[in-house]
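A.B. asks: Structure below; questions to follow.
The values are calculated or read from the model by the stated rules, or taken from the named source; none is laboratory data. Note that the structure is predicted; figures quoted are calculated from it, not measured. Note that we place each Cβ from the backbone using ideal geometry, even for glycine, and neighbour counts take in every protein chain shown. Side chains are part of the model used for accessible areas, which takes the heavy atoms of the whole protein and leaves out ligands, DNA and RNA. Shrake-Rupley method; radii C 1.70, N 1.55, O 1.52, S 1.80 Å.
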Amino acid sequence: MHNSSFFTILCSLFFLPSSAQIFTSQTIPDTVFARMKGHSYPEGCTIRRADLRYLQLSHVDAEGKEHVGEMVCNKAIAQDLLAIFKELYRQKYPIQRIRLIDDYGANDELSMRDNNSSCFCYRTVSGTGKLSKHAQGLAVDVNTLYNPYVRTNKKGERIIEPATGKPYTDRSKKTPYQIRKGDLLYRLFTQHGFRWGGNWRTMKDWQHFEK
């Protein structure tokens, strides 16, 4: 056997290829919880750490580059998300970034401006005092810059979040990261029992899926 052939076989036995996919779910590690405390998991948070799961998710961006992202969610949807993101990865559906919102100081506006996809963050619904589905880890926002949240307040003012997402409120303008009704991401989430904010009547939250 040639040395080169032996080396190839050895590598296949003991080393994973750089493109190896990663999809894992586990209870929140201490190192991750330390990042969350005071940010997505503030003092007084009523959601038990034991009810949350830390996911690692392979994904592909619009340029075809592969990444491994991090997400915290409620244990009730952990297996749903693993199945959804596995299929998104398999079909190369573009997701630019999946980082813990704690990397942005749990600032939703900053996270959305960076087109970040995330789930758990103990906070209220924008413009209200009601706890968000994100506070329970039961909502996921995907490709957030290109799929903004839009509502009209009591003064008749149009609120767009993130503010830099205004150009993408025109849904006739297609982008690689735009979520469209009936596309792969929409079908996977709705098949797993999630509701899409893009279907709401009084406001639009094109990035948002909740259960």
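A.B. asks: Residue by residue through the stretch 67-72, which ³J(HN,Hα) values in whole Hz follow from phi under the Karplus form 6.51 cos²θ - 1.76 cosθ + 1.60 (θ = phi - 60°), with glycine and proline marked x?
C.D. replies: Calculated HN-Hα couplings, in order: 9, 10, x, 10, 8, 10 Hz.
A.B. asks: So what is the diffusion coefficient of the stretch 52-136 in µm² per second by Stokes-Einstein at 20 °C and 1.002 mPa s, using a Kirkwood Rh over Cα pairs?
C.D. replies: Translational diffusion coefficient: 159 µm²/s.
A.B. asks: Further, regarding this structure: Roughly how many Å² is the accessible area per residue of the chain, as a whole number, for a 1.4 Å probe?
C.D. replies: Per residue, the chain has an accessible area of 53 Å².
A.B. asks: How large is the Kirkwood hydrodynamic radius of the chain, in angstrom, based on all distinct alpha carbon pairs?
C.D. replies: Over the chain, the inverse of the mean reciprocal pair distance is 18.1 Å.
A.B. asks: Quick check: pseudo-label points 7 Å beyond the Cα along Cα→Cβ at Phe33 and Lys154, how many nm apart are they?
C.D. replies: 4.1 nm
A.B. asks: Given an 8 Å cut-off on Cα distances and at least 6 residues of separation, report the relative contact order of the chain as a percent.
C.D. replies: Here the relative contact order equals 16 percent.
A.B. asks: Still on this structure, I have one more. Could you compute the net charge surrounding Arg151? Neighbours are other residues with a C-beta less than 13 Å from the C-beta of Arg151; K and R count +1, D and E count -1.
C.D. replies: Counting the neighbours of Arg151, the net charge comes to +2.
A.B. asks: Return the carbon/sulfur percentage of the accessible area of the chain, one whole number, probe 1.4 Å, all protein chains in place.
C.D. replies: With neighbouring chains kept in place, the figure for the chain is 52 percent.
A.B. asks: If you plug each phi of the stretch 170-179 into the Karplus form 6.51 cos²θ - 1.76 cosθ + 1.60 with θ = phi - 60°, what whole-Hz ³J(HN,Hα) values come out, in order, with x for Gly and Pro?
C.D. replies: Listing the rounded values in order: 7, 6, 6, 8, 7, 9, x, 9, 6, 8 Hz.
A.B. asks: Take the cross-link list Lys133/Lys211; Lys65/Lys133; Lys133/Lys204; Lys181/Lys204; Lys154/Lys204 and give me the ones stretching past 19 Å between alpha-carbons.
C.D. replies: Lys65/Lys133
A.B. asks: Here's another thing I want to ask about it. How far is it, in nm, from the label point at Asp61 to the one at Phe23 when both lie 7 Å from their Cα along the line to the Cβ?
C.D. replies: Result for the modelled spin labels: 2.3 nm.
A.B. asks: Given R₀ = 22 Å, what would the calculated FRET efficiency be for Ala50 paired with Ala83, taking r from the Cβ atoms and rounding to 0.05?
C.D. replies: So the FRET efficiency works out to roughly 0.45.
A.B. asks: Which aspartates and glutamates have a Cα less than 20 Å from the Cα of Lys86, not counting those fewer than 8 places away in the same chain?
C.D. replies: Straight-line reach from Lys86, under 20 Å: Asp61, Glu63, Glu66, Glu70, Asp141, Asp183, Glu210.
A.B. asks: Another one. Applying 1/(1 + (r/R0)^6) with R0 = 22 Å to the Cβ-Cβ distance of Thr164 and Asn107, what FRET efficiency is obtained, to the nearest 0.05?
C.D. replies: 0.95
A.B. asks: Along the charge dipole of the chain, pointing to its positive end and built from +1/-1 on Cβ of Lys, Arg, Asp and Glu, which listed residue (Tyr89, Ser111, Tyr177) has its Cα farthest out?
C.D. replies: Positive-end residue among those listed: Tyr177.
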